[in-house]
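Engineer: Here it is: the structure, laid out below.
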Amino acid sequence: MMHAVTICLVATLTLCACGATGDAGRADERAPTPEEREALQASLDAARDLFRTRAYDDARAAYEQVAERARELGATDVEALACARVARVYSIRRDPAGGAPWLERAEALADETMPEAWARALVVRGIYLREEGRADEATALFVACYDYAMARGLHADAVDAAHHVAIAADAATREEWAKKGIAAAEAAGESGWLGPLWNNLGWDYIDQGRDAEALDALRRAQTAFHARGGHPTSALISDYSVGFALRKNGELAEARSIQEAVHAAAAAALDDGDASMLEWVAQSRRELGELDALEGRPLDGADAIERAIEELRRTDFPSWGAEYLAQYEARVRELRGEGGDGE
């Protein structure tokens, strides 16, 4: 615990020093008028809407425009916040090198008198550390952000920080913080966070073999994702997750019904031009193959999983899911061995 606190303090002091440098270079700049601030906020909101609908490239361009306009107007807090959000989009696109200058710019501008920018810079720096494999340091920053945001009534940022602790930490801490984040989200009316938090907890339970608890958590995530609206992919993936958990719990008929619906929806969206749906065409096909095998048709299952692997290789899945691909390939070999080559 002392080590984590020390990391938080060092990180906080580093950001303070950077923020002081940025402010000194801008001391003589004009301040934006209320009308200009209102326009900047509207542009931030529009960029966030793009982000929430997973139009990530458009969101990044929009945040970049906000950052430059804020710099022209002397709105340092808005510039810092927009820069941090640009860096976040780069991290989602798995391009930390592209995002690093934006994150450094955000950190050079932000200080603790800019609550939204400061909290966002802490979280995004934590995400970059986590992706570098520095989970302990990342967790410490997320905890620091949670405490900072809660003290200032920034409930969405606090829940976001709890969500990231529930990803980066060890298993026991992840469960604790997922539940903490869920409670905070419910208390603050931040219903948009309930889906991701329940989802992450459910998949943690899957990894731990706690299949009944996983199904309950993933059903709660499914309810939350369908209730909130927004991008349909989130709801589709939550359906897939429930189907996966049903299979793990031996509820094969319901699992098949769900995965068939997911597969049909993903295939239709792919035909309509959404290339990201190929991954979910493949994953639902793979799950249907697993169900074939469990229902006594191992060779049909192997064929389906093999086709799913071919589809996944046409996405970016191999760049981050190589371990899973190896498991799928091993499963194909296993099923072909069970089925044999002749009767």
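Engineer: Test of understanding: what is the full-extension gain from residue 251 to residue 267, defined as 0.36 nm times their sequence separation minus their Cα-Cα distance?
Structural biologist: Details: separation 16, 0.36 × 16 = 5.76 nm, distance 2.42 nm.
Net length gain for the segment: 3.3 nm.
Engineer: Hey, how many Å between the Cα centroid of the range 237-283 and the Cα centroid of the range 311-329?
Structural biologist: 17 Å
Engineer: Can you tell me the 0 to 90 degree angle between the C-alpha axis of helix 115-131 and the longest principal axis of the chain, rounded to 10?
Structural biologist: Approximately 40 degrees, to the nearest 10.
Engineer: Shifting gears a bit: Can you give the angle from 0 to 90° between the axis of helix 278-294 and the longest principal axis of the chain, with both taken from C-alpha atoms, to the nearest 10?
Structural biologist: 40 degrees
Engineer: Expressed as an acute angle from 0 to 90° and rounded to the nearest 10, what is the orientation of the C-alpha long axis of helix 76-92 relative to the principal long axis of the chain?
Structural biologist: 20 degrees
Engineer: Ok, one more. Measure off, as a whole percent, the carbon and sulfur share of the 1.4 Å-probe accessible area of the chain, all protein chains present.
Structural biologist: Working: 8340 of 16230 Å².
Exposed carbon and sulfur together represent 51 percent of the surface.
Engineer: Sticking with this one: Quickly estimate the mean residue ellipticity at 222 nm for the chain, helices only: each DSSP H run with n ≥ 4 gives -39500 (n - 2.57), and the total goes over all residues, rounded to 500. Before the final figure, lay out the partial values.
Structural biologist: Numbers: 17 runs with 280 residues, N = 343.
After summing the helix terms and dividing by residue count, I get -27000 deg cm²/dmol.
Engineer: Among 201, 238, 217, whose Cα lies farthest out toward the positive end of the dipole of the range 156-263, if unit charges sit on the beta carbon of Lys, Arg (+1) and Asp, Glu (-1)?
Structural biologist: The residue sitting most towards the positive pole is 238.
Engineer: Could you give the dipole magnitude of the chain about its Cα centre, charging the beta-carbon of Lys and Arg +1 and that of Asp and Glu -1, in debye to the nearest 20? Intermediate values should be presented prior to the final figure.
Structural biologist: On the way: 38 positive and 62 negative charges, 79 e Å.
About 380 debye.
Engineer: Treating only the Cβ of Lys, Arg, Asp and Glu as charged (+1, +1, -1, -1), what charge dipole size does the range 172-238 show about its Cα centre? Round to the nearest 20 debye.
Structural biologist: Working: 7 positive and 9 negative charges, 37 e Å.
It comes to approximately 180 debye.
Engineer: Rolling a 1.4 angstrom probe over the protein heavy atoms, how many square angstrom per residue are accessible across the chain?
Structural biologist: On the way: 16230 Å² over 343 residues.
Accessible area per residue: 47 Å².
Engineer: Mind sorting out which of [x] 0.96; [y] 0.99; [z] 1.03 is the real Rg/Rh (Cα atoms, Kirkwood Rh) computed from the coordinates?
Structural biologist: After the calculation, the listed value that fits is [z].
The values are calculated or read from the model by the stated rules, or taken from the named source; none is laboratory data. Since we're looking at a predicted model, the values are computed, not measured. Note that each Cβ is placed from the backbone with ideal geometry, even for glycine, and that neighbours are counted across all protein chains shown. Surface areas here come from the heavy atoms of the whole protein model, side chains and all, with no ligands, DNA or RNA. Shrake-Rupley method; radii C 1.70, N 1.55, O 1.52, S 1.80 Å.
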